[in-house]
Amino acid sequence: MPPIIVWIFLLISGMFATVHNLAVTTSLYWYYTWFDSIMHLWGGALVVLGVYAICSLKHIPLKPTTFLVFSTLFLLMVGWEIFEWQAGLFEPGFHMTETAKDIIVGFVGGLLGYVAAIKIRM
């Protein structure tokens, strides 16, 4: 049976996907600009929990080092921001400010996920 962190990650991922789908279909990202920050915070935590979940599987020979966790978080955050830019999901006059805010909020979420993952593994 997979470790508990895998089940927690899958549950939180399912919730994230459901909320994101609801937000897109009901235009929450456009009506409430703060909603994007909540999702970036949640996404940062989810990435870190995902790294810990993958590393906890028996057949994956990786340890969730601080470097692995935060480099993965950084690469996915930058990749997501490039996707948002390429897809035109930004307001032209505020793109750099919005991107900086998204990365900071995502990193804070990653820190929260890191603390949670350490507590779960104890």
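The values are calculated or read from the model by the stated rules, or taken from the named source; none is laboratory data. Please read these numbers as outputs of a predicted model, since none were measured by experiment. Neighbour counts are summed over all protein chains in view; Cβ atoms, including those assigned to glycine, are modelled from backbone coordinates with ideal geometry.
Of the residues in segment 60-67, at least one is in a loop (DSSP other than H, G, I, E, B), of a type in the set (Lys, Arg) and surrounded by fewer than 20 Cβ atoms within 10 Å (Cβ to Cβ). All of LEU57, LEU68, LEU28 fail the test of being in contact (Cβ under 8 Å) with a residue 12 or more places away in the chain and closer than 22 Å to ILE103 by Cβ, apart from LEU68.
So, GLY43, is that one among the small types (Gly, Ala, Ser), at pLDDT 95 or above and over 18 Å from LYS119 (Cβ atoms) or not? So GLY43 fits the description; yes. Tell me, which residue of segment 1-58 that is exposed (fewer than 15 other Cβ atoms within 10 Å of the Cβ), assigned to a helix (DSSP H, G or I) and of a type in the set (Val, Ile, Thr) is nearest to the chain's Cα centre (by Cα)? Of everything passing the filter in segment 1-58, THR18 is nearest to the chain's Cα centre (by Cα).
For first residues located in segment 103-114 and closer than 7 Å to ALA45 by Cα and free of Cβ contacts under 8 Å to residues at least 24 places away in the same chain, partners that are surrounded by fewer than 18 Cβ atoms within 10 Å (Cβ to Cβ) and not aromatic (Phe, Trp, Tyr) and lie 6+ apart or on another chain with Cβ distances below 6 Å do not occur. Got a number for residues in segment 68-101 being hydroxyl-bearing (Ser, Thr, Tyr), more than 29 Å from ILE8 (Cβ to Cβ) and crowded, with 16+ Cβ neighbours inside 10 Å? Qualifying residue count for the region: 1. Test TRP85 against the stated conditions and say whether it is aromatic (Phe, Trp, Tyr) and either more than 15 Å from the chain's Cα centre (by Cα) or not in a helix (DSSP H, G or I) (or both). So TRP85 passes the test. Would you confirm, using the coordinates I've provided, whether THR25 is under 24 Å from TRP7 (Cβ atoms), polar (S, T, N, Q) and modelled with pLDDT of 95 or more? So THR25 fails the test.
Just one of MET96, MET77 is among the aliphatic types (A, V, I, L, M), outside any loop (DSSP other than H, G, I, E, B) and within 14 Å of the chain's Cα centre (by Cα); which is it? Write out each step before concluding.
Details: MET96 fails: within 14 Å of the chain's Cα centre (by Cα).
After ruling out the rest, the residue left standing is MET77.
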